[in-house]
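Undergrad: One structure, as structure tokens, below. Some questions next.
The values are calculated or read from the model by the stated rules, or taken from the named source; none is laboratory data. As the structure is a computational prediction, the values presented were derived from the model and not from experiment. FYI the Cβ positions are ideal-geometry reconstructions off the backbone, even for glycines, and counts take in every protein chain you see. The accessibility values were calculated without ligands, DNA or RNA, using every heavy atom of the protein model including side chains. Shrake-Rupley method; radii C 1.70, N 1.55, O 1.52, S 1.80 Å.
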Amino acid sequence: MFESVLVANRGEIASRVVHTVRAMGLKAVAVYSEADAETPFVAEADEAILIGSADPSRSYLDGAAILEAARRTNAQAIHPGYGFLAENAAFARAVADRGLGWIGAPPLAIARLRDKINARNLMKEAGVPVCPGVWEPVPDEDTAVEEAERIGYPVMVKAAAGGGGVGMGAAHAEDALRAAYRTARSRAERFFDGSDILLERFVTGARHVEIQILGLADGTVVALGDRDCSVQRRHQKLVGESPSPALDAELRTRMADAAVRAGEAVGFRGAGTVEFLVAPAAGEFYFIELGASLSAEHPVTELVTGIDLVEQQLRVAAGEPVTFTGTAPHGHALAFRIYAEDPKCFLPGPGRVRVWEEPVGDGIRIDAGYAEGGTVSPVYDLLMAKLCVHAADRPAALERARAALGAFRVEGPRSNIPFHLELLDRPEFRDGGHDTALVGRMRDG
């Protein structure tokens with residue numbers, strides 16, 4: 001096992017990784033930007049190194065600066081968290097070339113999964129269900145129109161190299177398709193290293209359900225349960241829960257088997273997430289992508305399985321066996337992303353945190369990136385914390401969530417806590433019958 005681990009990330013995920021690293025008796029090294037000097041993860045680490053300015057390209061996306069910090073602190077491994085460089089194959093290779101442990105997916109697996117079109121083709125060959133769509137990039141608008149007519153409207157337009165919902169849009173007719181194509185291409189060129197565009201059928205009324213996988217050091221891939229992430233705004237997740245209320249035992253087993261095949265198809269190691277759309281028609285599901293890093297929603301899996309996924313990541317990377325023997329879930333868990341944003345329109349609302357009072361009690365877990373006196377910067381993602389609850393069943397978990405959200409006080413930045421409380425009052429969410437369009441219905445009336 002490594003003696004020291006550098007955490008190449010920030011905010012709540014950096015704190016989360018630091019916690020397990022230190023709990024295992026290892027040295028935790030943090031890197032931080034000038035904007036994050038006063039945030040909790042910096043104080044929680046055993047050692048912290050300033051690597052640059054607030055601009056992510058000059059700090060958390062600066063691979064050379066992170067590698068230099070590892071050299072200066074004698075860190076033996078790097079954990080990238082999620083986002084930033086976590087799914088950057090070139091950085092993963094650079095870490096390995098320096099003789100450091102990489103606490104993530106193999107670089108080759110990351111590279112094969114980065115392009116969504118290539119990933120679709122790989123999954124089809126592996127027998128994983130995929131949506132009707134294209135098998136190569138769509139070069140122009142006219143070709144997009146031809147393909148959409150073949151696939152059948154509505155269609156989803158995606159940046160092949162995209163992530164986090166950026167560069168995605170649904171189209172129900174030709175005019176909307178042309179506009180969505182131009183938008184996706186523009187955002188792909190701006191945010192990603194590539195402009196390739198993917199088209200596939202848009203599944204109306206779908207659920208977003210993902211399977212947590214873990215690729216072990218001996219090559220085995222195991223499934224660790226499912227998560228429902230259907231509550232989304234602008235294709236970005238707001239709530240995760242496990243197990244999904246949309247699956248029966250037979251469908252759950254088939255999806256887990258498909259997720260394992262997906263991981264095996266790319267030689268996956270470490271923690272990953274196979275994301276699916278579950279169609280309203282019983283028994284149909286389609287591959288979306290395989291996230292090649294620790295998921296933001298991983299706490300709900302930890303709560304229902306009792307497995308520390310960060311610890312298992314470290315053990316896999318060190319070539320050690322995992323420490324769990326069973327994966328059967330117990331109880332029900334939910335995680336609510338607490339953003340610094342207006343709860344009505346989701347516009348950004350960063351600022352200095354004047355009050356930060358977290359709820360406490362049995363079955364409550366807070367993964368926080370801020371504390372009282374800190375400042376939520378507009379430079380980064382506005383996720384302030386994840387409020388997670390666990391109880392014996394879904395109704396009890398929902399009630400625990402209501403009490404915890406009601407007791408969570410954040411003043412200074414805007415907070416979407418009122419949105420989550422509103423969500424808990426929606427009959428379709430309370431009954432578990434919601435789909436990915438729920439937030440749109442809530443805000444559009």
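Undergrad: A437 is checked against (1) buried (at least 22 other Cβ atoms within 10 Å of the Cβ); (2) under 22 Å from the mean Cα position of the chain (by Cα) and fails just one. What number does that condition carry?
TA: If we test A437 against (1) buried (at least 22 other Cβ atoms within 10 Å of the Cβ); (2) under 22 Å from the mean Cα position of the chain (by Cα), just (1) comes out false.
Undergrad: Checking the conditions here, which among A119, A86, A64 is out of contact with any Cys (no Cβ under 9 Å at 6 or more places or on another chain), open to solvent by 60 Å² or more (accessible area, probe 1.4 Å) and among the aliphatic types (A, V, I, L, M)?
TA: Answer to the check: A64.
Undergrad: Quick one: would you say G52 is free of Cβ contacts under 8 Å to residues at least 12 places away in the same chain and open to solvent by 10 Å² or more (accessible area, probe 1.4 Å)?
TA: No, not satisfied.
Undergrad: For the range 134-162, how many residues are open to solvent by less than 30 Å² (accessible area, probe 1.4 Å) and in a loop (DSSP other than H, G, I, E, B)?
TA: Final tally of qualifying residues: 7.
Undergrad: Go through the range 92-114 and count every residue that is part of a loop (DSSP other than H, G, I, E, B) and crowded, with 18+ Cβ neighbours inside 10 Å.
TA: 5
Undergrad: Just wondering, is there one or more residues in the range 171-189 that are surrounded by 15 or more Cβ atoms within 10 Å (Cβ to Cβ), in contact (Cβ under 8 Å) with a residue 60 or more places away in the chain, closer than 19 Å to D115 by Cβ and not assigned by the TED database to the domain that holds E87?
TA: no
Undergrad: Of the numbered conditions (1) basic (K, R); (2) within 26 Å of R443 (Cβ to Cβ); (3) in contact with a Leu (Cβ under 8 Å, 6 or more places away or on another chain); (4) surrounded by 16 or more Cβ atoms within 10 Å (Cβ to Cβ), R430 fails exactly one; give the number of that condition.
TA: (4)
Undergrad: Just the residues that are out of contact with any Phe, Trp or Tyr (no Cβ under 8 Å at 6 or more places or on another chain) and among the β-branched types (V, I, T), please, taken from the range 312-364.
TA: V316, V322, T323, T325, T327, V355, V360, I364
Undergrad: How many residues are over 13 Å from the mean Cα position of the chain (by Cα) and open to solvent by less than 10 Å² (accessible area, probe 1.4 Å) when one looks only at the range 231-240?
TA: Looking only at that region, the number is 1.
Undergrad: So the check is Cβ under 6 Å with 6+ separation or different chains; which pairs have a first residue in the range 301-319 that's in a loop (DSSP other than H, G, I, E, B) and a second one that's of a type outside the set (F, W, Y)?
TA: D308/T20; A318/M1; G319/A217
Yes or no, residue by residue, for (1) assigned to a loop (DSSP other than H, G, I, E, B); (2) touching a residue at least 40 places away in the same chain (Cβ under 8 Å); (3) among the small types (G, A, S); (4) surrounded by fewer than 18 Cβ atoms within 10 Å (Cβ to Cβ):
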site: E200; (1), (2), (3), (4): no, yes, no, no
site: I211; (1), (2), (3), (4): no, yes, no, no
site: L224; (1), (2), (3), (4): no, yes, no, no
site: R227; (1), (2), (3), (4): no, yes, no, no
site: S244; (1), (2), (3), (4): yes, no, yes, no
site: M255; (1), (2), (3), (4): no, yes, no, no
site: E264; (1), (2), (3), (4): no, yes, no, yes
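Undergrad: Could I ask something else about it? Hey, can you tell me all the residues within the range 20-43 that are surrounded by fewer than 18 Cβ atoms within 10 Å (Cβ to Cβ) and assigned to a helix (DSSP H, G or I)?
TA: R22, A23, E34, A43, listed by residue number.
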